[in-house]
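In what follows, a single structure is set out as structure tokens and then discussed.
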Amino acid sequence: MKIYSLTGKSGTGKSYQAVNLCKQLNIESIIDDGLFICRNKVAAGISAKRQPSKIRAVKTALFWTDEHRDSVMEAINRIKPSSLLVLGTSDEMVDKILARLELGKPIKRIYIEDITTEEDRKEANKQRMELGKHVIPVPTFQIKKQFSGYFMSPMRIFKDFGHGRDLSEKSVVRPSFSYMGEYNISEKVMSDIVDCVSDELKTVAEVNKVLMVKEHMNLDEEITLTAIVDMKYGGSLVENAKQFQQTILDRVQEMTAFHVSRVDIDIRDVIKEEVKEQ
């Protein structure tokens, strides 16, 4: 396996540049902040950006615990990527990661200054320091559960790589240890979203109540929703309820960034609208 390294100070845009660099050099996989990413998918690991403190984040990035290290080593040995790019804030950090994962030395060390301008690095640092934005070089759906409630946006970048246009997707998140604090949302907000969906679809007579339950599985956080409703008479009740269910799921995830594991529709009554006499 060919090993490359990308080194740069924190907040200089390493994760942002990693996907494009891999495409240019035909590198198959990435080690970044505790994650093993292969072929645009998270294959193993825990993101350092989801840790509750900066100290824990550094330890996670260095695969401090045996369980974390072993899971990533097993994935690397199972997938056997032909090449790997390891990101770090210094050559020393990269070497520690490689030693911890029992991998060899890099055949090429790349520095962020080699592939970006000073203006690029200043802008990356501004996004980090002023706005709390961190980039993870995978599509949003790959890490949605780990970062439920912490997403800022997906990021799609068009680039030309010799054989036509290519679309790389990255995810922008606000880490758990961000100075901006936690992101919480109330049942009232969920109820308002469900009300808006019912107005949009015109198949629900009344939304009586919306219940929300937050669940934590290790570092993953997700919510389940139950909408207690009266449906309008007419058409297929089952199909109307399914459409209502799916639209709630889509709208909540778009508007709140929370990962919704399940939406239940509890139909209490079917209302037949009265025809007004002329």
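The values are calculated or read from the model by the stated rules, or taken from the named source; none is laboratory data. Here the structure is a predicted model, which is why all the values come from computation and not from measurement. Note that each Cβ is placed from the backbone with ideal geometry, even for glycine, and that neighbours are counted across all protein chains shown. Surface areas here come from the heavy atoms of the whole protein model, side chains and all, with no ligands, DNA or RNA. Shrake-Rupley method; radii C 1.70, N 1.55, O 1.52, S 1.80 Å.
Say R0 is 51 Å: what FRET efficiency, to the nearest 0.05, do K209 and Y111 get from their beta-carbon distance? Provide the component values of the computation, followed by the final result.
Working: r = 57 Å, r/R0 = 1.11.
In this case the efficiency is close to 0.35.
If R₀ is 25 angstrom, what is the calculated FRET efficiency for the pair I267 and D192, using the beta carbon separation as r and rounding to 0.05? All intermediate terms of the calculation are to be shown ahead of the outcome.
Values: r = 21 Å, r/R0 = 0.82.
Efficiency computed from Cβ-Cβ geometry: 0.75.
If amide H atoms are built 1.01 Å from N in the plane of the peptide, which residues on other chains or at least 5 residues away come under 5 Å of the amide H of A43?
Here the answer is F36, I37, C38, since their amide H atoms fall under 5 Å of that of A43.
Sum up the charges of everything whose Cβ sits under 12 Å from the Cβ of V229, counting Lys and Arg as +1 and Asp and Glu as -1, but leave V229 out. Intermediate results must be reported in sequence, preceding the final value.
Values: positive: K209, K232, R268; negative: D195, E206, D230, D264, D266, D269.
With Lys, Arg at +1 and Asp, Glu at -1, the neighbours total -3.
Keeping all protein chains in place and using 1.4 angstrom, which order do E67, E239 fall into by accessible surface area, from largest down? Before the final figure, lay out the partial values.
Values: E67 155, E239 105 Å².
Sorted by accessible area, descending: E67, E239.
Any of K202/K242; K202/K272; K9/K49; K59/K214; K59/K122 with alpha carbons more than 19 Å apart? Name them for me.
Details: K202/K242 14 Å; K202/K272 13 Å; K9/K49 16 Å; K59/K214 27 Å; K59/K122 26 Å.
The pairs that break the limit, which is 19 Å between Cα atoms, are K59/K214; K59/K122.
Where the convex hull is taken over the Cα atoms of the range 1-74, what is its projected area averaged over directions, in nm²? Don't skip to the end; give the middle numbers.
Working: hull surface 20.9 nm².
That works out to 5.2 nm².
Can you tell me the FRET efficiency between R78 and E123 if r is taken as the Cβ-Cβ distance and R0 is 35 Å, rounded to the nearest 0.05? Please report the intermediate quantities before stating the final value.
Working: r = 38 Å, r/R0 = 1.09.
The pair R78/E123 has a calculated efficiency of 0.35.
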